[in-house]
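Every read-out reported here was derived from the displayed coordinates using simple, explicitly stated rules and does not represent laboratory data. Since we're looking at a predicted model, the values are computed, not measured. Note that we place each Cβ from the backbone using ideal geometry, even for glycine, and neighbour counts take in every protein chain shown.
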Amino acid sequence: MRVRKAVLPAAGFGTRFLPATKAIPKEMIPLVDRPIIQYAVEEAVASGIEQIIIVIASGRSAVEEHFDSHPGLESWLEERGDIEMLRVVRRISEIGPIAFVHQKEQLGLGHAVLMAKELVGDEPFAVLLSDDVMLNPGGKPVTEQLIEQYQAHRGSMIAVQRVPRDDVDRYGIVAPLHQEGRLVEIDDLVEKPSVADAPSDLGVLGRYILSPKIFDKLETTQRGAGGEIQLTDAIRALSAEQPVFGYQFEGVRHDAGTRLGWLKANIAMSLESDLADEVRAYVRSLDLRD
Ligand code: UTP
């Protein structure tokens, strides 16, 4: 079955980014020149996704407004003759059908995904966590890579990447059953294990292709770590019934959900943009001695 739909949860409190996230969701913080979530939406579209479903917190409309048209701004840009920016602004609202669903209470990532159940229906779907910004310049977008693997192996697919041993306690970590090339058959998942207990250094990152059966699992998943309904717990339950794979994708991932990761992502991504020469000159001009 084709993977046509993608769910992008954007309803978290973003506490690691407070107070920036008091009035706007973390997903609306800009990275170089666009909100973090726009990169994920563009990745989904470039991967062949036809329907985007964004989960937002009730009463918070910034994401919805960003993807809507803005006639006042558009005519102002047109009058000024700024056709280039007019194109950029229009392109955002023409990106494709985007549906919004509300999460009334912040009960966790798993709960946010469950909010999209009716819109997804009985078909496999992608999940993209926008604060993991995945770039693969000149190659296939990470979501497309996972979709291809899903089609080839008929099992739910999770993006994984080797993480430094000392950082395993910040990730969901895969216990591999069998590994062949980039593909890892998953025996189990452990959420944020201690360095000593980690079954591997393969960390789960924010891209998934999930079987619709995950909704049954989410409905019966109890609140876990942090009092939240964890997607990882539901995927563990799913893996007892259906194959679940990890895929070591090709590409670079920036952790834009933390202040340091976001700063690094801004530097790295601006060095790939039209600002590159000036950013390079500025960084060189800094006195970096302790
Ligand atoms: P995080 O674990 O990063 O949580 O969520 P958070 O609230 O956004 O940020 P911190 O940890 O407090 O700093 C992973 C993804 O799940 C979404 C977030 O928006 C993010 O995309 N999420 C999380 C929801 O949509 N709803 C929730 O209840 C929790």
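Figures for the structure shown
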| read-out | value |
| --- | --- |
| Sequence ranges 240-253, 142-155, ranked by mean other-Cβ count within 10 angstrom, highest first | 142-155, 240-253 |
| Global form of the stretch 98-177, assessed from the alpha-carbon gyration tensor, a/c cut-off 1.5 | oblate |
| Residues GLU241 and VAL195, FRET efficiency given R0 of 22 Å [Cβ-Cβ distance, rounded to 0.05] | 0.10 |
| Computed E for ASP166/PHE13 - FRET, C-beta separation, R0 25 angstrom, nearest 0.05 | 0.40 |
| Rounded to 5, percent antiparallel among DSSP beta bridges of the stretch 1-67 | 25 |
| Per-residue HN-Hα couplings for the stretch 279-285 [Karplus 6.51, -1.76, 1.60; θ = phi - 60°; Hz; x = Gly/Pro] | 5, 4, 5, 5, 4, 5, 6 |
| The chain: angle of helix 71-80 to the longest principal axis, Cα-based, in degrees nearest 10 | 40 |
| Paramagnetic reach from GLN222 in the stretch 105-123 [backbone N under 19 Å; point 7 Å along Cα→Cβ] | 107-111 |
| Rounded Å value of the spacing that divides the Cα centres of the stretch 143-173 and the stretch 84-140 | 18 |
| Shape call, the stretch 145-234: gyration tensor on alpha carbons, a/c limit 1.5 | oblate |
| Sites GLU42 and ARG289 - FRET efficiency at Förster radius 25 Å, r taken between beta-carbons, to 0.05 | 0.05 |
| Relative contact order (%) - the stretch 163-216, alpha-carbon pairs under 8 angstrom, separation at least six | 40 |
| Rel. contact order, % - alpha carbon contacts under 8 angstrom, at least six apart, the stretch 120-243 | 31 |
| The chain: relative contact order in percent, alpha carbon pairs under 8 Å with at least 6 residues between | 22 |
| Angle between the chain longest axis and helix 83-93 axis [Cα atoms, degrees, rounded to 10] | 30 |
